Amino acid sequence: MGRTVIVGDVHGCRYELEALLSQLEFSKKEDKLVLVGDLVIRGPDPHGVLAVVDKYGGRSVRGNHEHKLLTIRAGANRGGEHAELAEDLSKSEWALIDAMPLWIDLPEHGVRVVHAGVVPGQSVKSTPPEALFTMRALDEDGRWNAEKGTKPLWGAKYQGPPHVIFGHNALTEPQLHPWATGIDTACVYGGRLSAIVLDASEPMPRGAKVQRKLVSVPARRTYFESKLSPR
């Protein structure tokens, strides 16, 4: 059996995704590709990213940007880049997005993959879907909060098992909590595209020990300006 490669938010950065998989010498026959969502929007090549994921038989959870696309298709009146992409997606691309669950369990590693987070002390099945793909932090009463820059981060309060791997909250460095690891390292903003690489049936390490399982490639350039973009 091969490795499990769990990739952070790609956001249309096909070049970086291909570079990461090439660096890892990823094998479709041996390895398993899992992504934390937000494959599309903001970056230059969303169609290319979906094609790469399909080519390698990858699975992804639903990110907030995929959710927005599904909402538009269902009839919500939203404009901008999401509406443009929704009009341009092929049937096969829609099929990939339709197939994205809210979470993926990898019991062989003791891992649960979600896009944004889980509410500590609440079962994932009873958690509002919006929390799973938008939350970043907790308020004083332990309720989930989607606002940028708020604290405490939910991962600091979460106690597993399972170990949760997530994206969404883009930071320049991975979030290394005892039972949760955030791997959105701001590729589309000029940062890096990161992945956790686990050997077959390898238990997910915790906290700082995760560092040795992280692999990343730098963004070729800044595709979308934010406070995380290099100056």
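The values are calculated or read from the model by the stated rules, or taken from the named source; none is laboratory data. As the structure is a prediction and not an experimental result, all values here were calculated from the model. Every residue, glycine among them, receives a Cβ derived from its backbone with ideal geometry; neighbour counts consider all protein chains shown.
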## Note on the structure
Picked from the range 139-195 (must be free of Cβ contacts under 8 Å to residues at least 40 places away in the same chain and β-branched (Val, Ile, Thr)), the residue surrounded by the fewest Cβ atoms within 10 Å (Cβ to Cβ) is 150
### Message
Within the range 209-219, does at least one residue satisfy the condition of being assigned to a loop (DSSP other than H, G, I, E, B) and out of contact with any Gly (no Cβ under 7 Å at 6 or more places or on another chain)?
### Response
no
### Task
Examine the range 46-57 for a residue that is in contact with a Phe, Trp or Tyr (Cβ under 7 Å, 6 or more places away or on another chain) and either more than 18 Å from residue 84 (Cα to Cα) or without any contact (Cβ under 8 Å) to a residue 60 or more places away in the chain (or both), and state whether such a residue exists.
yes
### Task
Name the residue, out of 136, 212, that is among the basic types (Lys, Arg), at pLDDT 95 or above and farther than 17 Å from residue 36 by Cα.
212
### Query
Would a scan of the range 99-118 turn up a residue that is touching a helix residue (DSSP H, G or I) at 6+ places or on another chain (Cβ under 7 Å), in a helix (DSSP H, G or I) and at pLDDT 95 or above?
no
